[in-house]
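The values are calculated or read from the model by the stated rules, or taken from the named source; none is laboratory data. What you are looking at is a predicted structure, and each value in this text was computed from that prediction instead of being measured. All Cβ positions, glycine included, derive from the backbone under ideal geometry; neighbour counts span all protein chains shown. Calculation scope for accessible area: heavy atoms of the full protein, side chains included, ligands and nucleic acids excluded. Shrake-Rupley method; radii C 1.70, N 1.55, O 1.52, S 1.80 Å.
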Amino acid sequence: MNSAEVLVIGGGSIGLHAAYYLLKSGRKVTLLEFKQAARGSSSGNAGHIVPSHIVPLAAPGIIPTAIKWMLDPKNSPFGMKFSLDPAYLRWLLRFALSCTEANVQTAIPVLTSLGLLSAENFTRLIAEEKFDCHYRDSGLLFLYKTESAFADGRHEAELLHQRGLPAEVLDSAAVHTREPAALPEVIGGVHFTGDSSLHPARYLELLLKRVKQMGALVYENSPVTGFETRDGRISKVFTPAVSFEPQQVVLAAGAWSPGVVIGLGLDIPVQPGRGYSLTMKATQVMPKQALLLGERRVAVTPLGDQLRFTGRLELSNHDTTPNPKHIAGIQRAVREYIQLDDELDILETWAGLRPTTPDGLPIIGISPKYDNLILATGHAMLGLSLGPGTGQLVAEIANRVQPAFDVHPLRPDRF
Ligand SMILES: Cc1cc2nc3c(=O)[nH]c(=O)nc-3n(C[C@H](O)[C@H](O)[C@H](O)COP(=O)(O)OP(=O)(O)OC[C@H]3O[C@@H](n4cnc5c(N)ncnc54)[C@H](O)[C@@H]3O)c2cc1C
């Protein structure tokens, strides 16, 4: 039996950022990862850092939109499994009940604060640690082909302006000047100039290396298989090879979080939201910045000598096999917006699982049942973007320091 000061479960974006900020605050960290650290559900993601993303998924109008999308299964950016699993059905009901204006109004301030803290922390961390990870602060440009989607984009820009965040609305001429790869069918755009992008796998590998240098003990191929509890605390954590007596535990196992703590009687409403990516060699006309294709909800990211497309959200099981049908759909969608070579030199296809909560907010805080367990999960489509802010919050919570903003909407006992 080993002792551990802070034991982090999960070596993805959230676990590694938590480890980094805990170490910076002077704590000793042990990290347990089921498979390989720095991969998880982030390595093949779009790499977008998006403080502009302040509206939660659970918002009025999303259910009719999702139903409309699903009527065109070949091109739909959304899909869902059929299952009678009670946890899934409860999640769907909670999601439906969360699609209200009140939920949006609760979410906007906390997503704004966490997004801005994260963006600031990214800039500082990458500069201080001298990470070479294709970090580009050229913003995220949304492209639109239809008047109705462009109107939604202008509305979103207005919401950002109300909170003092930057967003530039571009007419057809301006959008083609800003993005020469855009096809004539693109009629307008919104440039979220406070956003940025990076190579997620490269960034996380550098972060893993750095936390090891800072003294973290990282155990890979070490799935947590069980716990022992005593007097409202986690007293032991088991893996097949080693066991630990931790002072504090951080649960950052993404879409697997509910399964990891299954015996502990906690309600963690997180479902896997599968998405896909394809990464190729640079095309002849590379986009000048990270893009989001408005109607199709597909992301495009230039990554040095590579280009990546990502898309689709499927409420799914935990399978991470890339589905060729959806990979082809993503590629078709990109061809509607930007110039692409006839043949793409595809290097990798990938699938990952977004840990998705019913109200569209992450779960960050001390467990209502075990006072030495901190939950940090449920970041859905923002687990990279909100990583450094979440890492800082986890360290503050572990050290009993008052966080810089009101984190009440993120509390684990809100469901
Ligand atoms: C197609 C796609 C595109 C995306 N694009 C973006 C984007 O541009 N920007 C953005 O911010 N986010 C994006 N996301 C979302 C982002 O990737 C996720 O939110 C993020 O990966 C979640 O991080 P996490 O650390 O919570 O979970 P993960 O990255 O999944 O890490 C959890 C880790 O826990 C480990 N684990 C599981 N079980 C155990 C166990 N029993 N014991 C120990 N360890 C365990 C897993 O192996 C895994 O490594 C995208 C996601 C997808 C699928």
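Observations on the model:
- Checked against (1) at negative phi; (2) within 15 Å of the ligand (Cβ to nearest atom); (3) not in a helix (DSSP H, G or I), ARG312 passes all but condition (1).
- Residues (among the β-branched types (Val, Ile, Thr) and either within 30 Å of HIS408 (Cα to Cα) or open to solvent by 30 Å² or more (accessible area, probe 1.4 Å) (or both)) located in the stretch 325-374: ILE346, THR349, THR356, THR357, ILE363, ILE364, ILE366, ILE374
- Long-range neighbours under 7 Å by Cβ, at least six apart or interchain, first residue within 19 Å of TYR21 (Cα to Cα) within the stretch 121-136, second modelled with pLDDT of 95 or more and in a loop (DSSP other than H, G, I, E, B): ILE126/CYS133; ILE126/TYR135
- Residue that is most open to solvent (accessible area, probe 1.4 Å), among those in the stretch 266-304 that are within 30 Å of PHE238 (Cβ to Cβ) and not small (Gly, Ala, Ser): ASP267
- Applying a threshold of 7 Å to beta carbon distances and a minimum spacing of six or more residues, or different chains, the list of pairs starting in the stretch 222-233 at a residue that is farther than 14 Å from SER367 by Cα and ending at one that is open to solvent by 80 Å² or more (accessible area, probe 1.4 Å) reads SER222/ALA241; PRO223/PHE34; THR225/PRO240.
- Residues considered: GLY232, GLY263, GLY226. Of these, the only one that is modelled with pLDDT under 95 and either surrounded by fewer than 23 Cβ atoms within 10 Å (Cβ to Cβ) or over 30 Å from ARG90 (Cα atoms) (or both) is GLY263.
- The set of residues in the stretch 4-44 that are within 6 Å of the ligand (Cβ to nearest atom), open to solvent by less than 30 Å² (accessible area, probe 1.4 Å) and touching a Ser or Thr at 6+ places or on another chain (Cβ under 9 Å) comprises ILE9, GLY10, GLY12, SER13, ILE14, LEU32, GLU33, SER42.
- Residue within the stretch 398-409 that is within 16 Å of the chain's Cα centre (by Cα) and either away from the ligand (no atom under 11 Å from the Cβ) or crowded, with 23+ Cβ neighbours inside 10 Å (or both) present: no
- Note on the stretch 154-178: residues that are part of a loop (DSSP other than H, G, I, E, B), in contact (Cβ under 8 Å) with a residue 24 or more places away in the chain and either open to solvent by 60 Å² or more (accessible area, probe 1.4 Å) or closer than 21 Å to LYS288 by Cα (or both) total 3.
- Of the set (1) over 30 Å from THR112 (Cα atoms); (2) outside any strand (DSSP E or B), all apply to LEU361 but (1).
- Summed over the stretch 132-153, residues that are touching a Lys or Arg at 6+ places or on another chain (Cβ under 8 Å) and open to solvent by less than 80 Å² (accessible area, probe 1.4 Å) total 4.
- Residue match in the stretch 54-69 (condition: part of a helix (DSSP H, G or I), touching a His at 6+ places or on another chain (Cβ under 9 Å) and either at pLDDT below 95 or buried (at least 20 other Cβ atoms within 10 Å of the Cβ) (or both)): no
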